[in-house]
Amino acid sequence: MGSMAEVTEFIILGRGGQGGVTAARILVSAALKDGKWGQAIPEFGAERRGAVVKSYARISDKPVILHSNVRKADVLVVLIANVLDLVNIDDLMKDKDSIMIVNSSTPIRTGYRTYYVDATSISEKLGLVIAGWHIVSTPLLGAVAKVTGVVSLDSIINSLPEFVGRENLVKLNAEAVKMGYESVRGE
Amino acid sequence: MKTAEKLRGLLLSTPAEGAGGRTGTWRVYRPVVNYSKCTKCGICWLYCPENVIEWLEDKNIKINYDYCKGCGICADVCPVKAIDMVKEEVV
Amino acid sequence: MMSMVTITELHKYGRTKFIMPGTAACPGCPLQVGMRQLAMALDGKFVMVIPAGCSSVIPGSAPYTAYTVPVLHVPFASSPAVASGLVRAVRQRNNNGPVVVWAGDGATADIGFATLSGAAYRNEDILYVMADNEAYMNTGIQASGTTSWMAWTTTSPKGKTEDKKDVALIMLMHKVPYVATASIAYPMDFIDKVRRAMQVRGFRFIHLHSPCPPGWKMDDSYTIKAARLAVETGAWILWEYNQGRLTISPPSIPYKDKPRRRPLEEYIKIQGRFSHLKPEDIKLMEEKIDRQWDLILKLTEIFK
Amino acid sequence: MSKQIPLAKQARKVLVGDHAVAEAVKLARVNVISAYPITPQTLIVERISEMIERGELRADYVRVESEFAALATVYGAAAGGARAFTATSSHGLFYMYEMLWWAAASRVPLVMAVVTRVVGPPWNIHDEHTDLLAIRDSGWIIGMAQNVQEAFDMTLTAFKISENEKVLLPVAIGLDGFILSHTAEPLDVPSQEDVDTWLPPRNSRIPYTIEPGGESITMGNLPGNDVYHAILKKYMDESMESAKKVIAEVYDEYGKLTGRNYGSLTECYRCSDAKYVAISMGAWSGDILNAVDRLRDEGYPIGLLRIRYIRPFPEEDISGWINSMKGVIVFDRDYSAGMGGVLASEIGGFVPSNVSFEGVLAGLGGFDVSADEFRVIIREFIDKVEHEGTVRIRKYWYIPEIGR
């Protein structure tokens with residue numbers, strides 16, 4: 001058992017099948033490469049593909065001892081903007097300094113520090129559309145690296161082979177991470 | 001004593017005669033072989049449920065009355081009716 | 001095909017105690033007759049996994065046992081699964097000896113049916129002998145899936161209303177390499193079958209008919225007589241399926257012809273469990289037997 | 001730390017709890033694995049199947065038709081001399097119930113992971129400890145991990161504990177469904193080489209092997225005298241007592257191998273100067289620990305006693321700590337109908353009458369309890385005791401408001 005440490009808490013909001021769970025795990029692997037600790041918690045229920053799903057991640061300089069859900073985020077990552085209509089954002093954000101990173105082609109006003117990146121277009125451009133689903137998690141992870149600095153761009157890219165099977169897909173996703181990193185914008 | 005040894009002593013059983021008791025006392029009828037009729041075919045030995053009939057080297061048969069329960073299968077299967085079931089006398 | 005066993009060959013076991021005398025079995029117990037035959041077939045070198053049933057009680061009291069091979073007594077429904085694990089372990093250690101499940105009809109046809117089916121479809125390297133005395137005899141004669149139609153038991157006081165579950169045919173449809181029926185009255189046939197089964201790897205099933213004097217309400221000495229009459233009246237058909245081929249076994253061959261079968265009454269009348277049967281019941285029973293013969297003979301045509 | 005055993009070469013990986021358990025099974029070179037799918041256990045056996053298919057683990061995986069068969073199969077394998085493993089959850093564990101007792105009283109070594117889950121109805125796949133705790137009378141050694149690293153460590157050490165000649169009892173390792181089973185965390189995994197040195201292959205002769213042509217022994221026929229049964233139960237009890245020492249020794253060795261030092265049956269955090277102690281088991285202990293730290297900052301003299309093994313029951317540890325306390329608060333994520341929290345029920349009997357006590361039933365059905373909620377519950381308990389004197393609340397149902 002150890003004592004409490006400063007933790008950055010993430011909520012990843014998306015629809016079932018969008019890769020929110022994997023995104024949280026990539027974040028943790030990247031944190032490890034940066035010499036940090038972390039934890040990726042999926043939220044499982046009866047929901048199937050398409051339902052609103054939350055995943056959580058904690059990144060810290062010390063081992064994470066908490067196992068409860070992340071109720072309120074330091075960083076809210078939104079994989080598809082239309083889920084914002086289905087939740088009360090104030091319920092999910094820790095405080096006024098909390099950050100939101102949304103997959104959107106246009107700026108979004110939320111009353112919080114909000115960033116946007118057109119992850120859908122990036123995945124389309126790279127052909128990262130698998131079984132009809134756009135891979136939006138990797139461009140968003142690039143954006144997370146840029147905006148928060150909690151994990152590094154290189155570590156995210158270096159973590160991809162652990163999660164992506166084929167080599168060409170690793171390359172394309174790495175490109176997606178970079179494009180997300182470069183194209184994320186403030187409100 | 002080690003746990004493993006103690007367990008072996010109580011948890012495990014080893015083969016022994018009379019594990020179900022001295023079952024010869026269950027008997028009401030006693031199989032008696034009429035050796036003059038016996039053809040030494042071994043059929044009684046083959047079907048005896050209790051393994052109390054020995055089919056000796058010379059193919060004669062020998063009944064172990066300590067454990068024979070007196071079921072009478074041997075008499076029933078004997079092709080030449082060389083085994084009689086005789087009522088045990090009350091001693 | 002290997003030569004058939006003869007009683008002359010078995011003379012070498014004339015003084016071998018495959019079951020130690022002085023067991024807790026009822027007088028005239030068919031299970032001990034069958035188990036001795038099994039042991040002769042396997043030269044006494046095998047292990048048994050035994051679920052709850054008469055055979056858990058028969059060996060007598062711990063720390064002693066009448067059984068002379070290594071035995072694992074296990075819960076009622078578990079024996080095929082336990083044997084599956086056991087056989088994997090012993091094979092990993094390069095021991096190719098037989099792992100035998102010795103189970104009654106309740107453990108096989110009823111409570112353990114799922115584990116039986118699972119082990120069979122996985123084709124586990126097990127010999128499964130179902131010693132069928134046609135009821136839960138150990139708990140005091142309650143009807144099981146293989147109790148005969150119209151047979152009295154304590155849970156079918158007016159006679160069982162359902163037909164006997166045909167476990168051997170169900171096992172055949174699991175596409176295992178070896179399935180046979182056998183009878184304790186035909187030791188040479190049973191021993192041959194065990195030995196032939198041992199030539200095959202995978203799941204092998206033998207349904208061994210085992211008349212029980214107390215359970216069938218008959219004289220202790222009638223065990224073999226009843227088993228033999230079951231075959232001679234055609235009520236119990238001895239057959240063997242070995243890797244694609246299904247044949248009627250030699251003791252049953254004459255009874256393919258109905259006229260050569262003994263009258264069914266001879267089998268019925270020695271059993272108290274059928275004492276309530278009316279002539280029309282016996283006639284119906286005979287029709288069921290005829291239909292079973294038709295089915296088995298058709299199967300011999302299919303599995304030629 | 002002793003320098004006798006060189007520290008193992010360890011790789012830091014990120015794994016979900018279920019995969020960490022599978023990793024431990026692989027490193028233990030288990031011979032026979034059998035299981036039936038049930039959420040949230042399934043990831044364990046899926047991963048083990050992959051390991052076998054890829055040739056990373058040489059073992060038989062037996063795809064059985066039920067959990068009952070799964071335990072029967074690994075039990076048979078263990079009786080045949082193999083090192084064996086199974087895993088299950090909730091309804092699956094209950095479907096094994098008869099075999100659990102048979103396996104334990106047969107005294108063969110065996111390891112099982114129990115990914116804890118609610119027992120229905122209604123259907124619910126989330127975390128609760130009721131399933132694991134319902135087997136506590138069966139003769140299994142029962143541990144419960146706090147995090148993914150510990151789930152791995154407990155699984156690996158379980159083989160060494162179970163196979164110890166002084167123990168010879170099966171070991172069940174609990175990990176919280178989803179909260180650990182599906183949560184990815186970094187953990188350090190020793191090399192196969194180092195594990196091989198520390199955990200040699202199972203000695204199949206201990207306590208006995210059932211095999212064709214082997215020793216003519218029978219396990220399980222009726223005893224001639226019922227007293228035999230009582231003696232065997234007493235032996236089981238002695239083995240449970242020995243297990244306390246063996247568990248301590250095994251973790252001591254393991255600590256020297258890995259550098260990870262756990263308490264034995266329990267761990268007490270900030271207890272030495274505490275006047276109050278919270279008691280818990282499993283993953284949420286981390287959240288309670290966080291609450292303890294914050295309460296300490298607020299001036300509350302509270303510690304946390306975390307139960308690692310509930311069987312054998314850590315009586316000495318519990319008595320040792322609670323006798324000197326002013327109050328004890330026990331958190332149960334489980335419920336024994338007609339009684340209350342299982343831990344509270346078991347521990348309650350050891351709490352002196354002058355020590356305040358509260359049993360909190362929380363997180364049932366898997367609902368999330370945050371560190372902040374723990375903080376509030378504990379603080380209210382302490383405040384109550386401080387204001388009202390000794391309180392004895394055996395059951396406090398903590399049930400948050402729900403939207404509908």
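Of everything in region D:20-43, what is assigned to a loop (DSSP other than H, G, I, E, B) and open to solvent by less than 30 Å² (accessible area, probe 1.4 Å)? Give them in sequence order. Outline the logic, then answer.
Looking only at region D:20-43, we keep the residues that are assigned to a loop (DSSP other than H, G, I, E, B), and these are D:28-31, D:36-41.
Selection gives D:ALA28, D:VAL30, D:ILE38, D:PRO40, D:GLN41.
The single condition among (1) open to solvent by less than 10 Å² (accessible area, probe 1.4 Å); (2) assigned to a helix (DSSP H, G or I) that D:ILE142 does not meet is (2).
Report yes if C:THR68 is under 23 Å from B:ILE63 (Cβ atoms), more than 7 Å from chain B (Cβ to nearest Cβ), among the β-branched types (Val, Ile, Thr) and open to solvent by 10 Å² or more (accessible area, probe 1.4 Å), otherwise no.
Numbers: under 23 Å from B:ILE63 (Cβ atoms): yes; more than 7 Å from chain B (Cβ to nearest Cβ): no; among the β-branched types (Val, Ile, Thr): yes; open to solvent by 10 Å² or more (accessible area, probe 1.4 Å): yes.
No; evaluated as a whole, the condition is false for this residue.
For the criterion of being more than 8 Å from every other protein chain (Cβ to nearest Cβ) and part of a helix (DSSP H, G or I), C:ALA52 fails.
Restricting the search to region D:272-300, which residues are of a type in the set (Gly, Ala, Ser) and within 11 Å of chain A (Cβ to nearest Cβ)?
Within region D:272-300, D:GLY282, D:ALA283, D:SER285, D:GLY286, D:ALA291 qualify.
Take D:TYR251 and decide whether it is among the hydroxyl-bearing types (Ser, Thr, Tyr), in contact with a helix residue (DSSP H, G or I) (Cβ under 9 Å, 6 or more places away or on another chain) and open to solvent by less than 10 Å² (accessible area, probe 1.4 Å). Against the criterion (among the hydroxyl-bearing types (Ser, Thr, Tyr), in contact with a helix residue (DSSP H, G or I) (Cβ under 9 Å, 6 or more places away or on another chain) and open to solvent by less than 10 Å² (accessible area, probe 1.4 Å)), D:TYR251 qualifies. For region D:358-404, name all the residues that are open to solvent by 50 Å² or more (accessible area, probe 1.4 Å), part of a loop (DSSP other than H, G, I, E, B) and of a type outside the set (Lys, Arg). Passing the criteria: D:PHE367, D:THR390, D:ILE399, D:GLU401, D:ILE402, D:GLY403.
Taking D:ALA184 and the conditions (1) crowded, with 24+ Cβ neighbours inside 10 Å; (2) over 20 Å from D:VAL14 (Cα atoms); (3) not hydroxyl-bearing (Ser, Thr, Tyr), which numbered condition does it fall short on, given that it satisfies the others? Of everything listed in (1) crowded, with 24+ Cβ neighbours inside 10 Å; (2) over 20 Å from D:VAL14 (Cα atoms); (3) not hydroxyl-bearing (Ser, Thr, Tyr), D:ALA184 misses just condition (2). Of the strands (runs of 3 or more DSSP E) that lie entirely inside region C:157-274, those containing 3 or more residues that are among the hydrophobic types (A, V, I, L, M, F, W, C) span C:178-183, C:204-209.
Looking across region A:8-32, just one residue is open to solvent by 10 Å² or more (accessible area, probe 1.4 Å), more than 18 Å from A:VAL53 (Cβ to Cβ) and either within 10 Å of chain D (Cβ to nearest Cβ) or within 11 Å of the chain's Cα centre (by Cα) (or both), and that is A:LEU32. It is to be established whether one or more residues within region A:77-93 are in contact with an Asp or Glu (Cβ under 6 Å, 6 or more places away or on another chain) and either open to solvent by less than 60 Å² (accessible area, probe 1.4 Å) or at negative phi (or both). Within region A:77-93 (the criterion being in contact with an Asp or Glu (Cβ under 6 Å, 6 or more places away or on another chain) and either open to solvent by less than 60 Å² (accessible area, probe 1.4 Å) or at negative phi (or both)), the answer is no, since none of the residues qualifies.
Restricting C:ASP290, C:ASP294, C:ASP281 to residues that are open to solvent by 70 Å² or more (accessible area, probe 1.4 Å) and either charged (D, E, K, R) or assigned to a helix (DSSP H, G or I) (or both) narrows the list to C:ASP294.
Conditions tested, residue by residue: (1) aliphatic (A, V, I, L, M); (2) in contact with a helix residue (DSSP H, G or I) (Cβ under 9 Å, 6 or more places away or on another chain); (3) closer than 17 Å to C:ARG195 by Cβ.
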site: C:MET35; (1), (2), (3): yes, yes, yes
site: C:LEU38; (1), (2), (3): yes, yes, yes
site: C:SER56; (1), (2), (3): no, no, no
site: C:PRO80; (1), (2), (3): no, yes, no
site: C:VAL87; (1), (2), (3): yes, yes, no
site: C:ASN96; (1), (2), (3): no, yes, yes
site: C:GLY104; (1), (2), (3): no, yes, no
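Of the residues C:SER210, C:SER183, the single one that is of a type in the set (Ser, Thr, Tyr) and either at pLDDT below 95 or out of contact with any Pro (no Cβ under 6 Å at 6 or more places or on another chain) (or both) is C:SER183. Residues that are more than 14 Å from chain D (Cβ to nearest Cβ) and farther than 22 Å from A:PRO139 by Cβ within region A:44-84 comprise just one, A:ALA51.
Residues are listed down the side, and each one gets a yes or a no for (1) over 30 Å from D:THR209 (Cβ atoms); (2) at the interface with another protein chain (Cβ under 7 Å from one of its Cβ atoms); (3) under 9 Å from the mean Cα position of the chain (by Cα):
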position	(1), (2), (3)
B:TRP26	yes, yes, no
B:LYS40	yes, no, no
B:ILE43	yes, no, no
B:LEU46	yes, yes, no
B:ASP58	yes, no, no
B:LYS69	yes, yes, yes
B:GLY72	yes, yes, no
B:ASP76	yes, yes, no
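Just one of (1) of a type in the set (S, T, N, Q); (2) in a loop (DSSP other than H, G, I, E, B); (3) open to solvent by less than 40 Å² (accessible area, probe 1.4 Å); (4) in contact (Cβ under 8 Å) with a residue 60 or more places away in the chain fails for D:ASN261. It is (3). Taken together, A:ILE65, A:ILE59 contain a single residue that is of a type outside the set (S, T, N, Q), part of a strand (DSSP E or B) and in contact with a Ser or Thr (Cβ under 9 Å, 6 or more places away or on another chain), which is A:ILE59. Of the strands (runs of 3 or more DSSP E) lying entirely inside region B:18-91, the ones with 2 or more residues being open to solvent by 60 Å² or more (accessible area, probe 1.4 Å), closer than 18 Å to C:GLY28 by Cβ and touching a strand residue (DSSP E or B) at 6+ places or on another chain (Cβ under 8 Å) are found at B:29-33, B:83-87.
Does region D:48-69 hold any residues that are among the hydroxyl-bearing types (Ser, Thr, Tyr) and more than 7 Å from chain C (Cβ to nearest Cβ), and which are they?
Taking region D:48-69 first, the residues among the hydroxyl-bearing types (Ser, Thr, Tyr) are D:49, D:61, D:66.
Hits for region D:48-69 are D:SER49, D:TYR61.
Okay, residues lined up against (1) open to solvent by 40 Å² or more (accessible area, probe 1.4 Å); (2) in a strand (DSSP E or B); (3) within 14 Å of chain C (Cβ to nearest Cβ):
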| site | (1), (2), (3) |
| --- | --- |
| D:VAL14 | no, yes, no |
| D:ASP18 | no, no, no |
| D:LEU71 | no, no, yes |
| D:GLU98 | yes, no, yes |
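For the residues D:LEU180, D:LEU156, D:LEU175, D:LEU132, the requirement of being assigned by the TED database to the domain that holds D:LEU71 and in a loop (DSSP other than H, G, I, E, B) singles out D:LEU180.
Quick check: is even one residue across region D:145-153 open to solvent by 10 Å² or more (accessible area, probe 1.4 Å), out of contact with any Asp or Glu (no Cβ under 9 Å at 6 or more places or on another chain), in contact (Cβ under 8 Å) with a residue 24 or more places away in the chain and within 11 Å of another protein chain (Cβ to nearest Cβ)? The answer is no, given that none of the residues of region D:145-153 is open to solvent by 10 Å² or more (accessible area, probe 1.4 Å), out of contact with any Asp or Glu (no Cβ under 9 Å at 6 or more places or on another chain), in contact (Cβ under 8 Å) with a residue 24 or more places away in the chain and within 11 Å of another protein chain (Cβ to nearest Cβ). Restrict the check to region C:167-184 and report whether at least one residue is closer than 22 Å to C:GLU265 by Cα, open to solvent by 20 Å² or more (accessible area, probe 1.4 Å) and touching a residue at least 12 places away in the same chain (Cβ under 8 Å). No, there is no match, as no residue in region C:167-184 is closer than 22 Å to C:GLU265 by Cα, open to solvent by 20 Å² or more (accessible area, probe 1.4 Å) and touching a residue at least 12 places away in the same chain (Cβ under 8 Å).
Residue by residue, here is whether (1) within 13 Å of chain C (Cβ to nearest Cβ); (2) in contact (Cβ under 8 Å) with a residue 24 or more places away in the chain; (3) open to solvent by less than 10 Å² (accessible area, probe 1.4 Å) holds:
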position: D:ALA172; (1), (2), (3): no, yes, yes
position: D:ASP176; (1), (2), (3): no, yes, yes
position: D:THR209; (1), (2), (3): yes, yes, yes
position: D:PRO223; (1), (2), (3): yes, no, no
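The values are calculated or read from the model by the stated rules, or taken from the named source; none is laboratory data. Because the structure is a prediction, the values reported are computed rather than measured. For neighbour counting, all protein chains shown are included, and Cβ atoms are generated from backbone atoms with ideal geometry for every residue, glycine included. These area figures cover heavy atoms from the full protein model, side chains too; ligands, DNA and RNA do not enter into them. Shrake-Rupley method; radii C 1.70, N 1.55, O 1.52, S 1.80 Å.
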